[in-house]
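Accompanying notes for the structure given below.
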Amino acid sequence: MRTLTTGPVGVHYGQLYVQSHEFVSDLGASFAGQQNGLCGAAVPGALFLITGLHTGDVGFSVELHDSEPPVDDAWEEIVEASYTPVGATTALVGWAGEWQQPLDLAETDYRVRYCGTGMDAGHDSNRLHPLRRNVPKRSARPDSSRSAARPSPR
């Protein structure tokens with residue numbers, strides 16, 4: 001087994017991509033004809049990966065195995081798909097192509113296993129909380145200024 005990349009990666013809109021050609025992020029085309037909702041592999045040379053977290057950093061690793069690794073029951077979500085790079089350069093790519101991490105992959109057929117854990121918790125952490133309204137205390141003086149505060153979004 002060889003680790004091609006590992007570490008936190010920034011996501012927006014819960015999206016990451018593996019691309020081996022000009023950047024494309026067509027959700028509908030990527031998942032066309034598929035049953036899973038986590039790894040779109042319908043566009044040649046591209047994978048459209050969905051994370052639980054909408055915006056922020058997620059832990060991520062790309063490993064290359066010589067043979068099929070055993071399924072680890074620690075993962076809550078597991079999806080497999082076929083993938084073939086269509087160009088000499090393949091990269092893990094952030095939303096809208098904001099960043100790229102090169103992946104040392106040959107132009108050959110691969111079986112990809114995309115695994116995740118904590119995706120529901122990541123999704124739940126993205127939900128908007130109702131705005132709490134803080135009503136300032138008023139002074140008896142007519143010339144006092146009023147202010148209202150609200151919590152910063154998390």
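The values are calculated or read from the model by the stated rules, or taken from the named source; none is laboratory data. The structure displayed is predicted, hence computed values, not measured ones. So basically every Cβ, Gly included, is an ideal-geometry build from the backbone, and we count neighbours across all protein chains shown. We work out accessible area using only protein heavy atoms, side chains counted, and drop any ligands, DNA or RNA first. Shrake-Rupley method; radii C 1.70, N 1.55, O 1.52, S 1.80 Å.
Here F48 fulfils each of the conditions (1) free of Cβ contacts under 8 Å to residues at least 40 places away in the same chain; (2) touching a helix residue (DSSP H, G or I) at 6+ places or on another chain (Cβ under 7 Å); (3) open to solvent by 40 Å² or more (accessible area, probe 1.4 Å); (4) among the aromatic types (F, W, Y) apart from (3).
Checking V93 against (1) at pLDDT 90 or above; (2) more than 23 Å from Q34 (Cα to Cα): exactly one of these is not met. Which one? Here V93 clears every test but (2). Taken over the range 33-57, residues that are closer than 17 Å to E77 by Cα, of a type in the set (G, A, S) and in a loop (DSSP other than H, G, I, E, B) amount to 3. Scanning the range 17-32 for residues that are under 13 Å from W95 (Cβ atoms), part of a loop (DSSP other than H, G, I, E, B) and either touching a helix residue (DSSP H, G or I) at 6+ places or on another chain (Cβ under 6 Å) or open to solvent by less than 40 Å² (accessible area, probe 1.4 Å) (or both) yields one hit, F23.
Take the range 87-115 and flag every residue that is in a loop (DSSP other than H, G, I, E, B) and either open to solvent by less than 70 Å² (accessible area, probe 1.4 Å) or more than 10 Å from L4 (Cβ to Cβ) (or both). If the condition is that a residue be in a loop (DSSP other than H, G, I, E, B) and either open to solvent by less than 70 Å² (accessible area, probe 1.4 Å) or more than 10 Å from L4 (Cβ to Cβ) (or both), then G87, A88, T89, G94, E98, W99, L105, A106, E107, T108, D109 are the ones that fit.
Scanning the range 5-16 for residues that are open to solvent by 30 Å² or more (accessible area, probe 1.4 Å) and in a strand (DSSP E or B), which turns out nearest to V93 (Cα to Cα)?
Taking the range 5-16 as the starting set, the residues that turn out to be open to solvent by 30 Å² or more (accessible area, probe 1.4 Å) are 6, 8, 12-13, 15.
Going one step further and asking which of them are in a strand (DSSP E or B), we end up with 6, 8, 12, 15.
Details: T6: 13, P8: 13, H12: 11, Q15: 9 Å.
That would be Q15.
Against the list (1) among the acidic types (D, E); (2) touching a Lys or Arg at 6+ places or on another chain (Cβ under 6 Å); (3) part of a loop (DSSP other than H, G, I, E, B), the condition E80 fails is (3).
Checking G59, G40 one by one, the residue that is closer than 20 Å to E98 by Cα and surrounded by fewer than 17 Cβ atoms within 10 Å (Cβ to Cβ) is G59 and no other.
What tally of residues in the range 62-77 results from selecting those that are in a strand (DSSP E or B), farther than 19 Å from Q101 by Cβ and of a type in the set (V, I, T)?
Going residue by residue through the range 62-77, those that are in a strand (DSSP E or B) are 62-64, 77.
If we keep only those that are farther than 19 Å from Q101 by Cβ too, we end up with 77.
Narrowing further to those that are of a type in the set (V, I, T): none.
So the count comes out to 0.
For the range 41-63, the criterion of a residue being farther than 18 Å from M119 by Cβ, at pLDDT 90 or above and of a type in the set (S, T, Y) is satisfied by no position.
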